[in-house]
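Inspection log for the structure reproduced underneath, given as structure tokens.
Only the coordinates and a few stated rules stand behind these numbers; no lab work does. Please read all numbers here as calculations on a predicted model, not as lab measurements. All Cβ positions, glycine included, derive from the backbone under ideal geometry; neighbour counts span all protein chains shown.
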Amino acid sequence: MSKIIDNLLPEDFGKSFDATLFAEWKKSANEHEQAGITSVILWFIGFAALLLLGGLVGLGIFFILMFVALGISLPKQNKRKKYQNQLGISNKDFRTAIAAAKKRTK
């Protein structure tokens, strides 16, 4: 998806944005996506530890990795939402812009 985010233009949103703020938003959206991938990997590792080790040790590792995953992804999500709010982009606008970018690049 980061390739799609990199291809987004203000025209895809139907608005004009401050160029530096829009670039910071795109950067934070890519960072948020990478943090999400890392979080999912940690969730799978924690779940595997829970299944393989079982008991309190497996449960402890599972919850520790879940808190680490949240600690990684939440700051990136908050940063992306901050820029998104400054630009006035809703989640619906974001989905519409992604569809417009995909249509434009095909």
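For percent of Cα pairs over 24 Å apart, one of [x] 21; [y] 68; [z] 39 was computed from the structure I shared and the rest are decoys. Which label?
[z]
Between GLN34 and LEU70, what length in nm is gained on full extension when 0.36 nm per residue of separation is reduced by their alpha carbon distance?
Values: separation 36, 0.36 × 36 = 12.96 nm, distance 1.32 nm.
11.6 nm is the gain from fully extending GLN34 to LEU70.
Note the count of lysine pairs whose C-alpha atoms are less than 13 angstrom apart in the chain, limited to pairs 8 or more residues apart or on different chains.
So the count of such lysine pairs works out to 11.
Taking R0 as 22 Å, what's the FRET efficiency between LYS27 and PHE63 from their Cβ-Cβ distance, rounded to 0.05?
Efficiency, rounded to the nearest 0.05: 0.10.
Give me the angle, in degrees from 0 to 90, between the Cα long axis of helix 91-105 and the longest principal axis of the Cα atoms of the chain, rounded to the nearest 10.
With rounding to tens, the tilt is 70 degrees.
Could you work out how far helix 55-87 tilts from the main Cα principal axis of the chain, as a 0 to 90 degree angle to the nearest 10?
10 degrees
Between PHE44 and ASP18, what length comes free when the chain is fully extended (0.36 nm per residue of separation minus the Cα-Cα distance, one decimal in nm)? All intermediate terms of the calculation are to be shown ahead of the outcome.
Working: separation 26, 0.36 × 26 = 9.36 nm, distance 3.91 nm.
Additional length available on full extension: 5.4 nm.
If I fit a long axis through the Cα atoms of helix 19-53 and take the longest principal axis of the Cα atoms of the chain, what angle between them do I get, 0 to 90°, rounded to 10?
For 19-53 against the chain, the angle is about 20 degrees.
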